[in-house]
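S.K.: Provided herewith is a single structure, encoded as structure tokens, for subsequent inquiry.
The values are calculated or read from the model by the stated rules, or taken from the named source; none is laboratory data. From a predicted model like this one, the values you see are computed outputs, not experimental measurements. Cβ: placed from backbone, ideal geometry, glycine included. Neighbour counts: every protein chain shown.
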Ligand code: C2E
Ligand code: MG
Ligand code: MG
Ligand code: MG
């Protein structure tokens, strides 16, 4: 009987594996034509200062496929990386953001607004012509290069330090800014950070989430803040969901934020409206 149930468990396991393989194959196949079928779009999430004024957006990639529905980036980005589709996809994001920035720049930007952050995947950054690609896209769109903030992760900084630093410096010389995404979750050693031209640390949302209950995350964020002050870089807290989190962050000196408390990521037309009307976040909803 034990043998029998073991066999069944194995068969079940095999079926599960088979299903995963099939799903993955379907996703990969659909992903190949996502750009040409016009299935990608961007959502822009507001980044705000202590007064709730808009200081920037993070561009977040969205993929809607008729059969698969809305596929979250955490599912399709890894597949895009493994298959090499990330190059075309990453370029599509850069081009789309720069074209949008051109429209916004022409419209006139609020004084506090610094620009748009774009997530750069490790493979995309590692490509030998990455620097030239970014320069080309900026030139084609005719935008100020300091409107672009490239988000990279800590993990990318520990491999190939000299070649990564060289690329970053070349882009920095053009005026492009860099943020370290999900900061605190990687191999944060203070020593290597000084090799790179970094403008901003984005405190990972896991620390923000712990703020109101775990005193230790206080300490961590405080450490990040004082380190950032020494390095002359700014700190933005990610994933701020509640007023209490914003208040604690503000009390320890972290004064720029991004998160559902202020705004969800929104489509470009709403983002444009936010810029045009000098919106203050969070939106004041009428109480009835
Ligand atoms: P990320 O760069 O750390 O982006 C922040 C993620 O947190 C986004 O998820 C955003 O929608 C979500 N978020 C924002 N505020 C809150 C909040 O208050 N609470 C919670 N729980 N979540 C919040 P999303 O859009 O699903 O993206 C997930 C990840 O996919 C991103 O993490 C980024 O690593 C990657 N990604 C997104 N767009 C791109 C892209 O264009 N290129 C690359 N290479 N990666 C991308
Ligand atoms: Mg990001
Ligand atoms: Mg992040
Ligand atoms: Mg991330």
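S.K.: If the requirement is being in contact (Cβ under 8 Å) with a residue 60 or more places away in the chain and over 30 Å from residue 245 (Cβ atoms), which of these qualifies: 134, 116, 103, 164?
M.R.: Working: 134 fails: in contact (Cβ under 8 Å) with a residue 60 or more places away in the chain; 116 fails: over 30 Å from residue 245 (Cβ atoms); 164 fails: in contact (Cβ under 8 Å) with a residue 60 or more places away in the chain.
None of the others qualify; the one that does is 103.
S.K.: Does the stretch 146-169 hold any residues that are within 18 Å of residue 98 (Cβ to Cβ) and away from ligand 2 (no atom under 16 Å from the Cβ), and which are they?
M.R.: 146, 147, listed by residue number.
S.K.: Further question on the same structure: Scan the stretch 199-233 residue by residue and report those that are under 18 Å from residue 56 (Cα atoms) and more than 15 Å from ligand 3 (Cβ to nearest atom).
M.R.: Selection gives 199, 233.
S.K.: Here's another thing I want to ask about it. Quick one: count up the residues across the stretch 224-247 that are in a loop (DSSP other than H, G, I, E, B) and either in contact with a helix residue (DSSP H, G or I) (Cβ under 9 Å, 6 or more places away or on another chain) or at pLDDT 95 or above (or both).
M.R.: Looking only at the stretch 224-247, we keep the residues that are in a loop (DSSP other than H, G, I, E, B), and these are 232-233, 238-242.
If we keep only those that are either in contact with a helix residue (DSSP H, G or I) (Cβ under 9 Å, 6 or more places away or on another chain) or at pLDDT 95 or above (or both) as well, we get 233, 238-242.
Count: 6.
S.K.: Next question, about the same structure. Name the single residue, out of those in the stretch 73-96 being surrounded by 15 or more Cβ atoms within 10 Å (Cβ to Cβ) and within 14 Å of the chain's Cα centre (by Cα), that is farthest from ligand 4 (Cβ to nearest atom).
M.R.: Applying the filter and picking the extreme gives 94.
S.K.: For the stretch 138-149, indicate whether the set of residues that are at pLDDT below 95, in contact with a helix residue (DSSP H, G or I) (Cβ under 9 Å, 6 or more places away or on another chain) and within 23 Å of residue 193 (Cβ to Cβ) is non-empty.
M.R.: Keep residues of the stretch 138-149 that are at pLDDT below 95, which gives none.
No: zero hits.
S.K.: Just one of (1) within 13 Å of ligand 2 (Cβ to nearest atom); (2) surrounded by fewer than 19 Cβ atoms within 10 Å (Cβ to Cβ) trips up residue 178, so point out which.
M.R.: Among (1) within 13 Å of ligand 2 (Cβ to nearest atom); (2) surrounded by fewer than 19 Cβ atoms within 10 Å (Cβ to Cβ), the lone unmet condition for residue 178 is (2).
S.K.: Let me ask you something else. Could you check the stretch 208-223 and list, in sequence order, the residues that are in contact (Cβ under 8 Å) with a residue 24 or more places away in the chain and part of a helix (DSSP H, G or I)? Outline the logic, then answer.
M.R.: Step one: filter the stretch 208-223 for residues in contact (Cβ under 8 Å) with a residue 24 or more places away in the chain, giving 208-209, 211-212, 218, 220-222.
208, 209, 218, 220, 221, 222 - these are the residues of the stretch 208-223 that are in contact (Cβ under 8 Å) with a residue 24 or more places away in the chain and part of a helix (DSSP H, G or I).
S.K.: Scan the stretch 150-173 residue by residue and report those that are at pLDDT below 95 and outside any helix (DSSP H, G or I).
M.R.: 153, 159, 160
S.K.: Mind telling me which of the residues 257, 192, 187, 261 ends up being outside any helix (DSSP H, G or I) and away from ligand 1 (no atom under 16 Å from the Cβ)? Lay out the reasoning, then the answer.
M.R.: Details: 257 fails: away from ligand 1 (no atom under 16 Å from the Cβ); 192 fails: outside any helix (DSSP H, G or I); 261 fails: away from ligand 1 (no atom under 16 Å from the Cβ).
Matching residue, one of 257, 192, 187, 261: 187.
S.K.: Then there's this: Tally the residues that are over 19 Å from residue 232 (Cβ atoms) and surrounded by fewer than 20 Cβ atoms within 10 Å (Cβ to Cβ), restricting the search to the stretch 185-204. So that I can check it myself, show each step before the final result.
M.R.: Going residue by residue through the stretch 185-204, those that are over 19 Å from residue 232 (Cβ atoms) are 185-187, 204.
From what is left, the residues that are surrounded by fewer than 20 Cβ atoms within 10 Å (Cβ to Cβ) are 185-187.
Residues meeting the conditions: 3.
S.K.: Return the pair list, or none, for Cβ contacts closer than 8 Å from residues in the stretch 62-74 that are within 11 Å of residue 39 (Cα to Cα) to residues that are part of a helix (DSSP H, G or I) and within 16 Å of ligand 4 (Cβ to nearest atom), at least 6 apart or on different chains.
M.R.: 62/73; 63/73; 63/76
S.K.: Condition first: farther than 20 Å from residue 57 by Cα, surrounded by 15 or more Cβ atoms within 10 Å (Cβ to Cβ) and touching a helix residue (DSSP H, G or I) at 6+ places or on another chain (Cβ under 7 Å). Now tell me which residues in the stretch 150-170 satisfy that.
M.R.: Residues of the stretch 150-170 farther than 20 Å from residue 57 by Cα: 154-170.
Of the ones still in play, those that are also surrounded by 15 or more Cβ atoms within 10 Å (Cβ to Cβ) are 154, 156-157, 164-165, 167-168, 170.
Correct list: 156, 157, 164, 167, 170.
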